[in-house]
1. Under a 1.4 Å probe, what is the accessible area of chain A per residue, stated in Å²?
2. What would the Debye equation give as log₁₀ I(q)/I(0) for region A:174-261 at q = 0.12, 0.22, 0.23, 0.26 Å⁻¹, counting only Cα atoms as equal point scatterers?
3. Compute the distance in nm between two label points, each set 7 Å from the Cα along the Cα-to-Cβ direction, one at A:PHE492 and one at A:VAL587.
4. Of the accessible area of chain B, with the probe set at 1.4 angstrom, what percent is carbon plus sulfur?
5. What does the structure give for A:398-411 when I average, per residue, the other chain Cβ atoms found within 10 Å of the residue Cβ?
6. Once you have a ≥ b ≥ c as the square roots of the Cα gyration tensor eigenvalues for region B:295-431, tell me rounded if a/c is under 1.5, and otherwise prolate or oblate according to whether a/b is larger than b/c.
7. What does the charge dipole of the protein assembly as shown about its Cα centre add up to, to the nearest 20 debye, if the Cβ of each Lys and Arg holds +1 and the Cβ of each Asp and Glu holds -1?
8. Please find the FRET efficiency linking A:GLU261 to B:LEU104, where r is the Cβ-Cβ separation and R0 is fixed at 60 Å, and quote it to the nearest 0.05.
Amino acid sequence: MKERNKIGVYVCHCGGNISDYVDVKKVVEAVKDLPNVAVARDFVFMCSEAGQNLIKEDIKNLGLDGVVVASCSPHLHEKTFRNAAKEAGLNPYLVEHVCIREHSSWVHSDNPEAATQKAIWIVKAAIAKVSLARDLESIRLDMKPEAIVVGGGVAGMRCAIDLGRAGITVHLIEKSPFLGGRAAQIGKMYPSGISGIELVKKLVEEVKNNPNIKVYTNAEIVSAEGALGEFKVKVKINPRYVKGNVSDDTISQCPVEVPDEFNYGLTKRKAIYKRDFTYPDTPVIDMNACTKCGKCNPDFNQKPKTVEVTGSIVILATGFKPYEPKEGEFGYKVYDNVITLPVFDRLISISNGKLEYNGKEIRDIAFIYCVGSRNEEHEYCSRYCCVATINAALQALEKFGDLRVYHVYRDIRTYGKYELYYEQAGRDGMLFFKYDPENPPVVERSGNKLIVKVKDLLTYGEEIEIPVDMVVLSVGMEPEMSDVFTMLRVPFSRDGFLQEVHPKLRPVETAIGGVLVAGTCQGPKDTVEATASASAAAAKADTYLVKGYAELEPFIAEINPEKCDGCGECVEECPAGAISIENGKAVLKEALCKGCGACGAVCPTEAINLRGYYYDQLRKSIEAAGGD
Amino acid sequence: MKYDVLVIGGGIAGIEASLTLGDAGFEVLLVEKDPSIGGHMIQLSKVFPTTDCAGCITTPKMAAAASHPKVHLMTYSEVKEVQKTGKEFRVKVLKKPRYVEEDLCIGCGRCEEVCPVLVPREFDYGIVGRKAVYIPFEMAVPKKAVLDLEHCMMCGRCERACPKDAINFLQEPEEVEITVKAIIVATGYNLFPPERKKEYSYTGNLTLIHTNLNPNIIHAMQMERLLAPSRPYHALLRPGDGKVPERVAWVLCTGSRDKSLGNPLCSRVCCMYSVKQALLYTSAIPFGEAAIYYMDIRAFGKGFEEFYTMVRDLGVYFIRGKVARIESRNGNPVVIVEDTETGEIREDEYDMVVLSVGLLSNPELSEILGIDTNSYGFYVPPDENANPVATKVDGIFVAGTATCPKDIPDTVAEAAAAAAQCIAYLKEVGT
Ligand SMILES: Cc1cc2nc3c(=O)[nH]c(=O)nc-3n(C[C@H](O)[C@H](O)[C@H](O)COP(=O)(O)OP(=O)(O)OC[C@H]3O[C@@H](n4cnc5c(N)ncnc54)[C@H](O)[C@@H]3O)c2cc1C
Ligand SMILES: Cc1cc2nc3c(=O)[nH]c(=O)nc-3n(C[C@H](O)[C@H](O)[C@H](O)COP(=O)(O)OP(=O)(O)OC[C@H]3O[C@@H](n4cnc5c(N)ncnc54)[C@H](O)[C@@H]3O)c2cc1C
Ligand code: SF4
Ligand code: SF4
Ligand code: SF4
Ligand code: SF4
């Protein structure tokens, strides 16, 4: 093929990030007279408007037929430069973005000369590659306005509502029998003072009233597959075993009583139960508890139903679970009155008049912070617990009066306006003790009191013993694990939560195209932050679904039937199942191809090229890089 | 003129909201009061917790906003009046005169070269100077000059030097009327003015050695500029005398968590940006000693605690105590503090002290928009737990630091959230 010979080369200083080590002028000098190059320039920030304009002007005025930008990682700006070229009328895939920052200036900052030489090789290789580049076209993918939201907590509901209101069909899948997630268990919430139940009610009303949202509760995901624009999720809907309208009276007929998980076993519920504040208002029979006495007019013949739902986008909003302390951790499960914060929150909500636990009136409480966070097992801070602990303590004080409260903490992280809660706690006479993680507090029993022994840094390391009736452990958040993560192959961050692509540039996208994250499955958050991230995920989905299409990069396999001898190696190798052998030749199903290139690598006859990375391009690049 | 949405404020929140709306197919007008968009983020060095270079991730967003077919920019402009009639907002925007014709100026900078007047450069918080006619900064969007009439001496040199005849001393303010269906308020924050904390001896004037005010006490935004890849002197030097600072301290909670100054709130980002600056400082000056005076280290976001632990393990000192005063000795700042973990009163001398100033509210549009603020001037979303970006006025949404100090990841999430609320609202009222 004819080589391109009007290539523009642009070397970026990255404001010193590159030019402090790589001699950018020398790079320009080294390539400006190469046969395929029409112009070579350097500029302080190629990605800025002025830098992009430089490229656009050259495309228009010099009629460039290819562009090489040598700057930061293509991960950051390849799109930026492709768009710039497109706006100036050049096929965006004739732009090659190479990295001389991470790959040269940063890693070789100790040897500027070598860094410069390496940058020159990288740029020469890119010029060679562009000189043989083909005009490629992006693949346009139509998007049906339909989305799947997994998880019906506040994040999942917020996201479903925002999408539903924008006219998008939403399948909202919740594994438990009722919508709401964990927020419903909170008494009076910071920062607005609304109760968890009111918050959930409010969102549930909107979900119920939106005709675009289809809710599936008691629903288990059995399989999930597909890609952006065409996800398929199979959902097994477990039966509730009730029929018709079941009155409260009927429910009370049930003879079985088991601990109510909503109140962490502080109260009991029947085997048949419902939750008044949420959806659906149909009760459910807990078959692990039910004795099949038949008093509630049940229908034990109901069978699980499997439905398949489709969506152009999947949003994961599967939430968190509170850390469960190990036996013996700060006396947990060893002493009766050591409980976790979520349990304490329920205890406040259901207690009236006085605060009692295990038949004992509670007059003094110590809270121990950072349990299950900021340690070797969980390096991260769980974010919500400082504020939630102080908030719970303030509520207990407000509701029961006359309590002595001690906070045994590491740092009080009442960030932003939440500081006002901390201040209030101080005004209310609560006492604070700071511990060193090397010397954590110890919980012991003495008579009918628990003793918290702490080496308090605020009194210069004095050993203090605090006698209390109850110890509350401020436990952190862990991600709620789910098979659907593996089904969709979503990556995790180091902390075990789902990994976003970039916290600032693409905070709700995962590495899997079309799979977004919302709420606490991505990291600890309170409801303010969880609902904001859920709306943000809805916004990202809107950019595809309201518009109605997505544009995908053209870098997929291309099979040359003339060279193919039908050996089938590629069929074996393709992880997406995109290749089949028909009439003795390999045939590609383009929609399935992920562009991984595995097929090309095994093809013995070089019949398969990856678009944008054709063999001749790669050979010439390698030659140019090693050429001097 | 008619648009679907007016976005007020061209910081990262406003830019992100505009781009999201544009990508979803809506017509957006982005109004920014400064000569360039970018807000505070474009001034930062690198950003925690990923230590991406702030310029590298902000400039492309700025450029994308400028070139997006659905996003329209109006810089150096202020919203003067907003009136809701039915489902529409009528808005009056005042375009301030740049005294440079925007469509003619090519950003060549020749006017700047010839102008004889030198004044402190806002972009670098006065660490270096700019001319009376100037391009706000290298990566400005739009990259157009602006003439500051207050300092101009009308010599006419720029007018003669300009190859495009773009200088126009006769420009008048221009009032533009527009109609939109929804508004996103992303007007951001104001930096706490460190002069207000008298005990910390900060001087706004960086070149003059004053008896007790010390130019080697700078604020954190100035430190951001000194640490940025595009930094003023291309080297990290202290402003007082140009010496390489070998010992640097950060004083956290300056102007935050401080009732005596009327701001009991925590500013949410200053712990982390100080930890980040300490890391950047020790990488720039490997033999440098860094110390952080704090009350609590608030490393609460994703990856923050890990970042803090790493910096701590690298040898940055953390001393717990609220700094009482900063004095001067031989031109060096001396930090006077009680170490609350030992009870010791310390007097620590440094080459340079950085005041980790807080983020204050910017409530300037609350009356015009008719949305409530709390007693600290931040906008309050009435239904914060369920919908943190909605205001009490249907069709007006708010995002980013306009509601409370917050970091960039949280700001960006809210910006997109506001866009989602806007889209839902627009679809309901009909577009
Ligand atoms: C003790 C305590 C006190 C708190 N106090 C406050 C407060 O005062 N103010 C505040 O703002 N925040 C508070 N929070 C935080 C608040 O609980 C969370 O921010 C909020 O619940 C997060 O919502 P979410 O939707 O992300 O997750 P969740 O509430 O965990 O909801 C996730 C939902 O997804 C479902 N799910 C999970 N996996 C699957 C699957 N595979 N398929 C289908 N469905 C699935 C779950 O059943 C659940 O319904 C507190 C938290 C705790 C623990
Ligand atoms: C020293 C320092 C270091 C920091 N470092 C980090 C960091 O490393 N990582 C991190 O995540 N965060 C950091 N931050 C926080 C970060 O700056 C903010 O999170 C972010 O900039 C907020 O963006 P915003 O768009 O909300 O506000 P802003 O950046 O303040 O933008 C608001 C915009 O609106 C414009 N505007 C205001 N009023 C009007 C009006 N009436 N009409 C029109 N336009 C108006 C302003 O001119 C401005 O352009 C740091 C902050 C400071 C002070
Ligand atoms: S929020 Fe507070 S209690 Fe929770 S892990 Fe962080 S520092 Fe510990
Ligand atoms: S006319 Fe004003 S802005 Fe222009 S060069 Fe003279 S002093 Fe500078
Ligand atoms: S005003 Fe004229 S001289 Fe100044 S930057 Fe613009 S075009 Fe150049
Ligand atoms: S973030 Fe840290 S430095 Fe800033 S006000 Fe809060 S506690 Fe103080």
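The values are calculated or read from the model by the stated rules, or taken from the named source; none is laboratory data. Values in this document were obtained by computation on a predicted structure and should not be read as measured data. We place every Cβ from the backbone using ideal geometry, glycine too, and count neighbours over all the protein chains shown. All accessible areas refer to the heavy atoms of the entire protein, side chains included, with ligands and DNA or RNA removed. Shrake-Rupley method; radii C 1.70, N 1.55, O 1.52, S 1.80 Å.
1. 41 Å²
2. -0.60, -1.24, -1.25, -1.26
3. Spacing of the two 7 Å Cα→Cβ label points: 4.2 nm.
4. 49 percent
5. Taking the mean over all residues of the peptide, I get 1.
6. Verdict is prolate for region B:295-431.
7. 1420 debye
8. Once rounded, the FRET efficiency stands at 0.30.
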